[in-house]
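Colleague: First the structure, then my questions, so here it is.
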Amino acid sequence: MSDKPSVLFVCVHNAGRSQMAAGWLRHLAGDAVEVRSAGSAPAESVNPAVVQAMREVGIDIADQTPRILEYATAESSDIIVTMGCGDACPVFPGKRYEDWKLDDPAGRGVDAVRPIRDEIRDRVQRLIADLPSTA
């Protein structure tokens, strides 16, 4: 069992918002946090405009694959951040939940994805500042 906190980011397709959030958290927190992401109805691949927008800030998420939200993953996560997955997201008593209202980058070009990417960065930075210490 790991001493570091685990954060699960969940959106519908696990191809945009949750992938950007996971990329930012891995980039900004390094090994201090276990990063997970999933979707209630995962896409085949990560949105290319999302990959491009993240690459512009030095974060490569091209190798990520959308995953289905599994009960065990949610149950074993310390913090669950939802981004529009609706009723498909399981609720576990005692878990810390955050629901981030964010525009969906699906079907949008990189110009429209950049502001979403930047808002997610800001939210991830606040999340990191509020994480339990692992020291």
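Colleague: Looking at Gly30, Gly23, Gly16, which is the one that is on the phi > 0 side of the Ramachandran plot and out of contact with any Leu (no Cβ under 8 Å at 6 or more places or on another chain)?
Modeller: One residue alone meets the criteria, Gly30.
Colleague: For the stretch 45-61, state whether one or more residues are among the basic types (Lys, Arg) and either touching a residue at least 40 places away in the same chain (Cβ under 8 Å) or touching a helix residue (DSSP H, G or I) at 6+ places or on another chain (Cβ under 8 Å) (or both).
Modeller: no
Colleague: Still on this structure, I have one more. So, in the stretch 32-88, exactly how many residues are within 22 Å of Val110 (Cα to Cα), part of a loop (DSSP other than H, G, I, E, B) and open to solvent by 20 Å² or more (accessible area, probe 1.4 Å)?
Modeller: Qualifying residue count for the region: 14.
Colleague: Determine, yes or no, whether Ala72 is farther than 28 Å from Asp3 by Cβ and over 13 Å from the mean Cα position of the chain (by Cα).
Modeller: The answer is no for Ala72.
The values are calculated or read from the model by the stated rules, or taken from the named source; none is laboratory data. This structure is a prediction, so every number in the text was calculated from the model and none was measured. Every residue, glycine among them, receives a Cβ derived from its backbone with ideal geometry; neighbour counts consider all protein chains shown. All accessible areas refer to the heavy atoms of the entire protein, side chains included, with ligands and DNA or RNA removed. Shrake-Rupley method; radii C 1.70, N 1.55, O 1.52, S 1.80 Å.
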